[in-house]
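Quick notes on the structure that follows.
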Amino acid sequence: MKFSNRITNMQSSPIRRLVPYADKARAAGKKVYPLNIGQPDIKTPKEFFSALTSFDKEVLAYDVSQGNADLIKAIREYYKTYDMNFEQDEILITNGGSEALLFSIIATCDPGDEVLVPEPFYTNYNGFSSAVNVSVDGITTKAEEGFHLPPKEELLKKIKPNTKAVILSNPGNPTGVVYSPEELKMLVDVCVENELYIIADEVYREFVYDGLKYKSLGQFKEAEQNVIIVDSVSKRYSACGARIGSIASKNKELIAHVLKLCQGRLCVPTIEQLGAIELYKTPVSYFKEVNDEYKKRRDIVYQALQKMDGVICKEPKGAFYVAVKFPVDDAEKFIIWCLEHFDYNGETLMMAPLEGFYSTKGIGKDEARIAYVLKCEELEKAMKVLEEALKAYPGRK
């Protein structure tokens, strides 16, 4: 039997595909530090679980396709704290940020069209796009430059007749970059002038360090009809398994079109939406405590990496990732070698190879993403394992 070209051409997740190697390492008695995936260990606010356990209905019915009205209201109130004012019919609830991304691509691009994405990028941008026959063209950014955007003239060169949108993660996954207001203004000008949509993936909005002030693409009035904000409770409230996301846009026509996709999949889980309402009531003090913890973790990882010979990285200013260039022949081979052939006092580690986070062939082969989502003492041990592994790796450059 023949499979579709869409599915055979779709890449497997570089974040998850090495899991079998980690499973074998654990089965062999090794402790594996999982630095490959952005799964926070911060406690989910208990109010989420209280809302689930207090659900008392005789029938678990469909919710409306656009999402629970009270949840949409709660999200509107949340956005007001960022000086963004959305109306009730300008927000849709989705099955996680992933569905929000997929629906945004489907609504803005036809098969054969193209989206521009600063690379390295969240690998699923490529997966979602290729699944609907849309291609990704990477705007290459460099570790040595902190993964910031290139000048406007370089962006303009990337635009083709079939370019329909730019996808931007801010703060960046996998790089941890926080784009400056000036960079965002430049991007807005490019997209408005060329009638491109901006799919703004802002799920890490709260995770910004070192006193930087965050600016959302939804705050640019001149781009209200261009900007589509993708959001999620997963990272913000450490509720990845809830699978509650959203799309917000002042472009009412676009929201009306995306609603057709929402109707096609019927609804988002009813009970989890009730829990998410409570999450959006979480006090600001929660984020202060969480941010302080992630900053400590970032500092441990970054300072350790700075001391490792041949390692190149810039200090991440947001999210909870750092993209690292290693002195190795192939980062994926290095990670597999760590899992199969290396341990330091019975311990090894797992990271996400970055080659699959690029669309440009031939770059990122010696890079990996580290997710600093473990407790501080665990991260200190993991960095020591990494240091020793780099010394022992036979493919070191």
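Some points to look at:
- Hits in the range 336-354 (condition: assigned to a strand (DSSP E or B) and among the acidic types (Asp, Glu)): GLU347
- The C-beta contact set for the range 54-79 (first residue within 12 Å of ILE91 (Cβ to Cβ) and touching a residue at least 40 places away in the same chain (Cβ under 8 Å), second residue part of a loop (DSSP other than H, G, I, E, B) and open to solvent by less than 60 Å² (accessible area, probe 1.4 Å), distance under 7 angstrom, 6+ apart or interchain) comprises GLY67/VAL268; ALA74/TYR280; ILE75/TYR280; TYR78/TYR280; TYR79/PHE86.
- Subset of the range 9-25 (residues that are free of Cβ contacts under 8 Å to residues at least 60 places away in the same chain and assigned to a loop (DSSP other than H, G, I, E, B)): SER12, ARG16, ARG17
- Residue pairs meeting the criteria (Cβ under 8 Å; at least 6 apart or on separate chains; first more than 18 Å from LEU92 (Cβ to Cβ) and touching a residue at least 24 places away in the same chain (Cβ under 8 Å), in the range 221-238; second outside any strand (DSSP E or B) and open to solvent by 40 Å² or more (accessible area, probe 1.4 Å)): GLU222/VAL192; ALA223/VAL192; SER238/ASP41; SER238/LYS43
- Any hit, the range 67-75, residues being closer than 13 Å to GLY218 by Cα, part of a helix (DSSP H, G or I) and of a type outside the set (Gly, Ala, Ser): no
- Within the range 26-54, tally of residues that are surrounded by 14 or more Cβ atoms within 10 Å (Cβ to Cβ), assigned to a loop (DSSP other than H, G, I, E, B) and not basic (Lys, Arg): 9
- When LEU156, LEU168 are checked against the criterion of being within 27 Å of THR8 (Cα to Cα) and of a type in the set (A, V, I, L, M), LEU168 stands alone in meeting it.
- Filter result for GLY218 (open to solvent by 20 Å² or more (accessible area, probe 1.4 Å), farther than 17 Å from ILE105 by Cα and either in contact with a strand residue (DSSP E or B) (Cβ under 6 Å, 6 or more places away or on another chain) or at pLDDT 95 or above (or both)): yes
The values are calculated or read from the model by the stated rules, or taken from the named source; none is laboratory data. Just so it is clear, the structure is predicted and the values come from calculations on it, not from any experiment. Here the Cβ is made from the backbone with ideal geometry for all residues, glycine too, and neighbour counts use every protein chain on show. Keep in mind that these areas ignore ligands, DNA and RNA; they rest on the heavy atoms of the full protein, side chains included. Shrake-Rupley method; radii C 1.70, N 1.55, O 1.52, S 1.80 Å.
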